[in-house]
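Below is one structure, written out as structure tokens, with a few remarks after it.
The values are calculated or read from the model by the stated rules, or taken from the named source; none is laboratory data. Because the structure is a prediction, the values reported are computed rather than measured. Reconstructed Cβ throughout: ideal geometry from the backbone, glycine too, with neighbour counts over all protein chains shown. Ligands, DNA and RNA are stripped out before the accessible areas are found, and what is left, the full protein with its side chains, is counted by its heavy atoms. Shrake-Rupley method; radii C 1.70, N 1.55, O 1.52, S 1.80 Å.
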Amino acid sequence: MVNIVLLVHDRPKLTMQTLHTLYEATPKGTFNLTIVDDGSELTTEGLLGLWVRQHPDCALLRIHNSKGITGQARNLGVYWAEKYWGRGDYLYLTDNDMYFTPGWLGQLVTTLHVLYPQKLRLLGAWNHPYLGKNSELCPDPLVLTHDAVTGASQMMRWEMWDKYGPLDAHAVGPGQSEDWKFCQDIIKDGGLVGSLQPHLVFNCGITNSLGDDSPGADQMQAQLKQAKSQYPELTWE
């Protein structure tokens, strides 16, 4: 069982694409979902309320961070997921502008559990292109290691959260990263953080939750154009 924590702030169209593709691409009974609604407007708020009423494996936590403190919101979501559902085998963090493809979760679990149960401590199904890659650090050609893996797609064993968490609750605004220290602490401790190649999950939002361009927006647009040709139903900003 995987505890999934999804951070939401507005963008109703992308939010619903995230939820629909997550449920369509993920086998029932393999996960539970905790949605953290961080001060969304009424349209998104209403859609989330309806979704939770229709899906018993989904819980909703409503908070409001006026300054967009992503780390604090994710930390609250993880705390709530543990208290509400109990711990599963893995913890997965994500955002409300993602597109999930079939097999994404099984591949993440297999890679962490079977291929690299010790050295690889944090794995994503997608990562920001601006973070670069260090593929020579990992012998598996399907895994690229990085200096950090974005909080939009992070899979870990729960003991990794115990050891290196919580995320930075003070990183605020564009250009700040709530998960940089988290990833760097893993690397300094001798572990690896990486992402699967090719991507099994795509980020469809060029802007962040504050409405500003995300770092590496131009690279993300190029990446999404390629994904759009493979998945023509994909909606993105």
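Table for the structure above
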read-out: Selection within the range 48-58 - surrounded by fewer than 18 Cβ atoms within 10 Å (Cβ to Cβ) and either closer than 13 Å to Val8 by Cα or among the polar types (S, T, N, Q) (or both); value: Gly49, Gln54
read-out: Every residue from the range 200-221 that is buried (at least 20 other Cβ atoms within 10 Å of the Cβ) and modelled with pLDDT of 75 or more; value: Leu200, Val201, Phe202, Asn203, Cys204, Gly205, Met220
read-out: Failed item in (1) over 24 Å from Ala125 (Cα atoms); (2) modelled with pLDDT of 95 or more; (3) among the charged types (D, E, K, R); (4) touching a strand residue (DSSP E or B) at 6+ places or on another chain (Cβ under 9 Å), with Glu45 passing the rest; value: (2)
read-out: Enumeration of residues in the range 70-80 that are modelled with pLDDT of 95 or more, open to solvent by 20 Å² or more (accessible area, probe 1.4 Å) and of a type outside the set (A, V, I, L, M, F, W, C); value: Asn75, Tyr79
read-out: Set Lys67, Lys28, Lys13, Lys83: member being part of a loop (DSSP other than H, G, I, E, B), open to solvent by 40 Å² or more (accessible area, probe 1.4 Å) and closer than 28 Å to Val172 by Cβ; value: Lys67
read-out: Residue check for Val2: open to solvent by less than 10 Å² (accessible area, probe 1.4 Å), farther than 27 Å from Thr110 by Cα, in contact with a strand residue (DSSP E or B) (Cβ under 6 Å, 6 or more places away or on another chain) and of a type in the set (Val, Ile, Thr); value: no
read-out: Tabulated pairs, the range 133-158, first open to solvent by 10 Å² or more (accessible area, probe 1.4 Å) and assigned to a strand (DSSP E or B), second aromatic (Phe, Trp, Tyr) and at pLDDT 85 or above, C-beta under 8 angstrom, 6+ apart or interchain; value: Arg157/Tyr90
read-out: Test result for Ser40, at pLDDT below 95, over 14 Å from the mean Cα position of the chain (by Cα) and surrounded by fewer than 20 Cβ atoms within 10 Å (Cβ to Cβ); value: no
read-out: Filter result for Leu33 (modelled with pLDDT of 95 or more and more than 21 Å from Tyr90 (Cβ to Cβ)); value: no
read-out: Residue check for Leu167: over 12 Å from His128 (Cα atoms), outside any helix (DSSP H, G or I) and at pLDDT below 90; value: no
read-out: Cross-chain or 6+ apart pairs with Cβ under 7 Å, the range 108-125 first and open to solvent by 90 Å² or more (accessible area, probe 1.4 Å), then small (Gly, Ala, Ser) and at pLDDT 90 or above; value: Lys119/Gly191
